[in-house]
Every structure is written in structure tokens, then in C-alpha cells.
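Here's the structure, in C-alpha cells; my notes come after.
Quick note: the coordinates plus some simple rules give every number you see, no bench work behind them. Computed from a predicted structure; not experimentally measured. Cβ sites come from the backbone with ideal geometry, for glycine too, and all protein chains shown count toward neighbours.
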Amino acid sequence: MNTKKLKKMSSITALKYIKKDSILGIGTGSTVLTFIKELKKISSFIRGVVSSSKISSFYLKKYNIKIFDSREIDSLEIYIDGTDEINDKMQMIKGGGGALTGEKILAGMSKTFICIADFTKRVKTLGLCNPVPIEIISLSYSFVKKEIIKLGGFPILRKNFFTDYNNIIIDVHNLFIQNPKKLEKQINCIPGVVTVGIFSIRTADIAIISYEHKTEILKK
Ligand code: 5RP
């Protein structure tokens, strides 16, 4: 299956939600890169964007799309991002690209979170196919690892990887995510955790999911 075409279908559909002269939040990942390439074509229609990561900023600059500093912005009309998994309640696992902290901040700042994805990201239960990424402060590695094991997870350090904020990431396998909100809160409370890649409290509002012959739009 060529997911490139599906990412493009979702990206083009997302453009329809953009309002004139607005400032958008931009996520991270290969689906978002496809979206950025489409956004470039209508860049004069918007004021600019706030970026969730250094890598997205790199591409936004390459395509001459104006980037605002998030400190200058109170709220975002729309935030557009991909996902690793999304369930029927629009809860997600994100952070495969390691930009989960910036992504969660911009998702929180936005009035409408639009998730763009291909159908391979749709799941019934979160966490069965992908590990849950957690960005942590390096000092807390041993402690967080033990706490995650107590929760039934199997943490693996993401090798040779540092986040935009110079932190490390552990990818947690085998987590049984029966209650995503409870688990998100529990993990958030472990000292040393910067961000957990469960997005179940601030979920997507709209999900644009492309299949080979159709695009499905889910709304909350
Ligand atoms: C990055 C993310 C991405 O949105 C997620 O990993 C999906 O990426 P892709 O569009 O490449 O499949 O959360 O931190």
C-alpha cells in the first residue's frame, strides 16, 4: 500500500479547514511534511504558522512559510498534526518522531485539533501495535524506568536520540491501555517525565483518515 498518496489526500482535505489570515499550529512527521508541501501552495492565504519542532521549522523555512514564535501567540485557530495511532474517541498515541512535547503544547493552545492520517493509524485499542513514547529528563531515567515497569510496561531507551529540548525518550512496550486518561495522568505525575505520548485528555477534534478510495472525516 502506497501511504504517500493517502497522506496527500488527507493533507489536501485539511486545507479546506484553514481560514483566511489565520495562524496555524503545525505538527511533525512525514504526514505533516506532505501537508507542509500542500500548504506552501496557499501560503499567501494565511498569516503564518507556529511550529512544533525544529525539523518542521526546517521544512517550513525551506518552503518560505512565515513562522511565528509561540510566545507571541495566545491561541491557535487550528492545529494540524499526524499520529501514530488514533481510536474511535479521537485519542491518540503520538511521538514516533520524538516531537511529542512541542506537539502537546500546540495541541493545548489550539481551538481545533485536526489529525491527518492514513487508515493504518486507526485502531480499536491504543498501544497494541505501537509503544508509548515518553520524553524524560536524563537524570530520571532509572527511576522512571522502574515506575513504568510497576505499571506493567517494558521501557526501551530510544538510542542516539535527543529531543529538541535535549531530553531522552523511552518507548514503552506492552502497556495495556484500558483507560487512556487515567494512564496519561499517572505517567504525567512521575517526577522526571516531561511529556507522555498518550493524547487522551486533549484529543483531536477532527480526524481526516484516507483509505485507497475514500477519505473519512471523524468529528467529536
Ligand atoms: C511525531 C509524531 C507524528 O505525528 C507521528 O509519529 C506520525 O508520524 P508520520 O506522519 O510520519 O507517520 O507524533 O512526534
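Taking all Cα pairs closer than 8 Å and separated by 6 or more residues, the relative contact order of the chain comes to 22 percent.
Checking the Cα-Cα distances for K146/K219; K89/K214; K62/K159 against a 32 Å cut-off, the pairs over it are K146/K219. The calculated FRET efficiency for the pair D164 and K214, based on their C-beta separation and a Förster distance of 30 Å, comes to about 0.25.
Annotation: extensible slack from K185 through K5 equals 61.2 nm (criterion: 0.36 nm per residue apart, minus Cα-Cα distance). Counting 0.36 nm for each residue step from Y17 to K124 and taking away their Cα separation leaves a gain of 35.9 nm. Any chance you could check the Cα centroid distance between the stretch 128-199 and the stretch 12-28 for me, in angstrom? Their Cα centres are 30 Å away from one another. Counting only alpha carbon atoms, the long axis of helix 30-40 and the longest principal axis of the chain meet at about 20°.
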